[in-house]
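This is the structure I want to talk about, given as structure tokens.
The values are calculated or read from the model by the stated rules, or taken from the named source; none is laboratory data. Keep in mind the model is a prediction, meaning the values are calculated, not measured. So basically every Cβ, Gly included, is an ideal-geometry build from the backbone, and we count neighbours across all protein chains shown. These accessible areas exclude ligands, DNA and RNA; they are computed on the full protein's heavy atoms, side chains included. Shrake-Rupley method; radii C 1.70, N 1.55, O 1.52, S 1.80 Å.
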Amino acid sequence: MTDAKPIRVLIAKPGLDGHDRGAKVVARALRDSGMEVIYTGLRQTPEQIVETAIQEDVQVIGLSILSGAHNFLFPKVMELLNKKNVQDILVIAGGVIPDEDIPLLKEVGIREIFTPGTPTSDIVNFIKNNVKNNVDDEN
Amino acid sequence: MDIIQGVLNGDTRSIAKLITLIEERSPKANEILKQLFRFTGNAITIGITGPPGAGKSSIINQLAKKFRNKNKKVGIIAIDPTSPFTGGTLLGDRIRMQDLTLDEGIYIRSMGSRGKLGGLSQASYDAVKVLDAAGMDYIIIETVGVGQSEVDIIRLADIVVLVLVPGMGDDVQAIKAGVMEIGDIFVVNKSDIDGSDRLVNEIRMNLELNPKKSSFKPPVIKTVATTGEGIETLDETINQVYHELSINGIISDRRKQHAQQELQELIKDFYLKKINSSFPAEIIAYTEKILKKEIDPYSAANAILEKEE
Ligand code: B12
Ligand SMILES: Nc1nc2c(ncn2[C@@H]2O[C@H](COP(=O)(O)OP(=O)(O)OP(=O)(O)O)[C@@H](O)[C@H]2O)c(=O)[nH]1
Ligand SMILES: [Mg+2]
């Protein structure tokens, strides 16, 4: 049933990549699992993504890239989050990302990468298992 | 930074964190709101309502830019419906407001309605106070797409802009009377498509047939939110209407009503909580009796309230 404290997630597509099917599929799956999903559409700059995440006070950022620009754009988002001293957001990503790129992306702080064919239930479970409910922790 | 000082300084993260506390109904939120209350009451609050897809978010995107040209700070709250089955929401209003994200004079917050049916969320009332205390000059509230009876926005906003578009089947007839009555300004958006002049006429006729109790006549204007056409006029109209409604006392009447409704809601909540915690066993016992038809619910409520006294 309905949760009084739904997990808030930002699903964002950085860069010029126009493949939005995967991002929308993931956004819907997260919504259907009871989360509040902010979807901002195509062509977001890393600056816009980080600012949106702060204004919306999300617990999770999910980045989606299929164009191949992930090695530049994902670290850029992480860099900006660090610069703004945002440490309490879980960042995950998905799309067409070659296996050999994954270790580097995890090193900069992307917690998990989901490649084509991943069942959306895996993504839902990962988020539910890894989000810390900070309001609860404080109280 | 202390969250209260942060909000008063207009710090984005403090505003965002406080709104989350409000949404989660944390007792901490109440304590902070008590401190912030005396700094509220300065912003002009504008409700933007209308059927799903009418162009509410696109209009806000353009209107906020006009406010920014005058160096005014703008807070935006955009509400989308929460699924009653899963509790989830897809909050998509920001897609149309991308131009505003990096403007430091603008704060946007998307909210799920979280069980409220009137087109707003419970937390939106207090979120408006936060943005007010944070020094926003204008606060724009986008309601859930309305159709039937989602008119709660009149309990929150100083003025209400009702957005309609041509080609909604029976046009104005499709909008229920209650919704038509809440508009202080009517916007016919998507006037780049056929039928906008006809819709303007229909709205005017409808307003003639059902005049408001006051002498105030809601203006009807045409816009194309995707290009920005007509938004200048909307900006001017909002200021004129706000001015007129202020002079004839309607804005202060509304604010008085809002304050009274809020007080009454709080008393209701407070009482219900008190009764629930004082007489949990009685509530269960009387519920059973009502089911067995041993007592009617009216008498049962009275019986419990009498115990309280
Ligand atoms: C459909 C498709 C298109 C459609 C896109 C329609 C749309 N609106 O999305 C169209 C035809 C428009 C298109 C165009 C192009 N495409 Co294309 N396209 C594909 C294709 C066949 C499938 C993508 C898809 O929709 N999959 C279905 C969705 C549901 O899966 P998904 O996105 O992978 O998402 C899953 C996971 O990746 C993950 N995930 C994805 N996002 C996220 C986000 C989060 C937060 C999480 C947790 C998980 C997650 O979860 C999802 C569920 O499992 C892929 C090949 C492929 N098999 O991937 C090529 C592919 C992506 N396209 C490619 C290319 C090159 C192009 C074009 C440049 C072609 C051209 N020369 O014109 C253009 C560029 C368009 C643009 N403006 O960016 C290449 C990219 C190469 C690369 N990365 O190096 C691919 C890989 C094909 C290939 N093998 O060459 N394409
Ligand atoms: N042709 C035309 N399209 C418009 C106009 N204004 C908005 N649109 C389009 O209408 C669609 C819906 O616009 P939104 O601004 O998202 O409408 P909304 O009322 O906020 O929608 P919900 O929040 O989903 O109820 C988008 O595809 C817009 O690009 C307009 O003046 N003319
Ligand atoms: Mg909208």
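On a 0 to 90 degree scale, rounded to 10, what angle separates helix B:280-291 from the longest Cα axis of chain B?
It is inclined by approximately 80 degrees.
Restricting to Cα atoms and excluding each atom paired with itself, what does the Kirkwood estimate give for the protein assembly as shown in Å?
Hydrodynamic radius (Kirkwood, Cα only) of the protein assembly as shown equals 23.7 Å.
Still on this structure, I have one more. Given an 8 Å cut-off on Cα distances and at least 6 residues of separation, report the relative contact order of chain A as a percent.
That works out to 24 percent.
Now, a different point. What whole-number value in cubic angstrom gives the convex hull volume per residue for the C-alpha atoms of chain B?
So the per-residue hull volume is 174 Å³.
Relative to the longest principal axis of chain B, what angle (0 to 90°, nearest 10) does the C-alpha long axis of helix B:231-247 take?
50 degrees
To continue, here is another question. Which value in deg cm²/dmol, rounded to the nearest 500, describes the helix-derived mean residue ellipticity at 222 nm for chain B, given -39,500 (n - 2.57) per DSSP H run of n ≥ 4 and division by the residue count?
It lands at -14500 deg cm²/dmol.
Assuming R0 = 60 Å, can you tell me the calculated FRET efficiency for the pair residue B:302 and residue A:71, based on Cβ-Cβ distance, to the nearest 0.05?
0.30
To one decimal place, what Kirkwood hydrodynamic radius in Å is obtained for segment B:1-55 from all pairs of distinct Cα atoms?
Here the Kirkwood hydrodynamic radius works out to 13.0 Å.
Given a 1.4 Å probe, how much area per residue of the protein assembly as shown is accessible, in Å²?
Normalised by residue count, the accessible surface of the protein assembly as shown is 48 Å².
Could you sort B:271-283, A:95-107, B:39-51 so that the peptide with the highest average Cβ count within 10 Å comes first and the rest follow in order?
Peptide ranking by packing, descending: B:39-51, A:95-107, B:271-283.
Only protein chains counted, 1.4 angstrom probe. Which residues of segment A:7-39 are at least 20 Å² less accessible in the assembly than when their chain is isolated?
A:8, A:31, A:32, A:34, A:36, A:37, A:38, A:39
Test of understanding: what is the full-extension gain from residue B:99 to residue B:216, defined as 0.36 nm times their sequence separation minus their Cα-Cα distance?
Result for the pair: 38.6 nm of gain on full extension.
Moving to a separate point now. At what distance in angstrom do the alpha carbon centres of segment A:58-93 and segment B:106-151 lie from each other?
The distance from the Cα centre of segment A:58-93 to that of segment B:106-151 comes to 28 Å.
Could you state the angle between the C-alpha long axis of helix B:56-69 and the longest principal axis of the C-alpha atoms of chain B, as a value from 0 to 90 degrees rounded to the nearest 10?
70 degrees
Once you have the Kirkwood Rh of segment B:166-309 from its Cα pairs, apply Stokes-Einstein at 37 °C and 0.692 mPa s and quote D in µm²/s.
Answer, rounded: 166 µm²/s.
Run the simple label-point estimate for residue A:28 and residue B:243 please: 7 Å along Cα→C-beta, distance reported in nm.
4.9 nm
Report the Rg/Rh value for segment A:8-130, based on alpha-carbon coordinates and the Kirkwood definition of Rh.
0.91
Something else now. With each label point set 7 Å from Cα along the Cα-Cβ vector, what nm distance links residue B:292 and residue A:122?
Roughly 5.6 nm, to one decimal.
Leaving out ligands, DNA and RNA, what percent of the accessible area of segment B:170-309 is carbon and sulfur, probe 1.4 Å?
Looking at segment B:170-309 in its full context, I get 55 percent from C and S.
Right, something else. What distance in nm separates the simple spin-label points at residue B:198 and residue B:266, each placed 7 Å from Cα in the Cβ direction?
It works out to 5.0 nm between the two label points.
Any idea of the total accessible area buried by the B-A contact, 1.4 Å probe, rounded to 100 Å²?
2900 Å²
Using protein chains only and a probe of 1.4 angstrom, how many square angstrom of residue B:290 are accessible, to the nearest 10?
50 Å²
Does anything in segment B:60-77 have its amide N under 13 Å from the 7 Å Cα→Cβ label point of residue B:155, and if so which residues?
Nothing falls inside the zone, counting backbone N under 13 Å.
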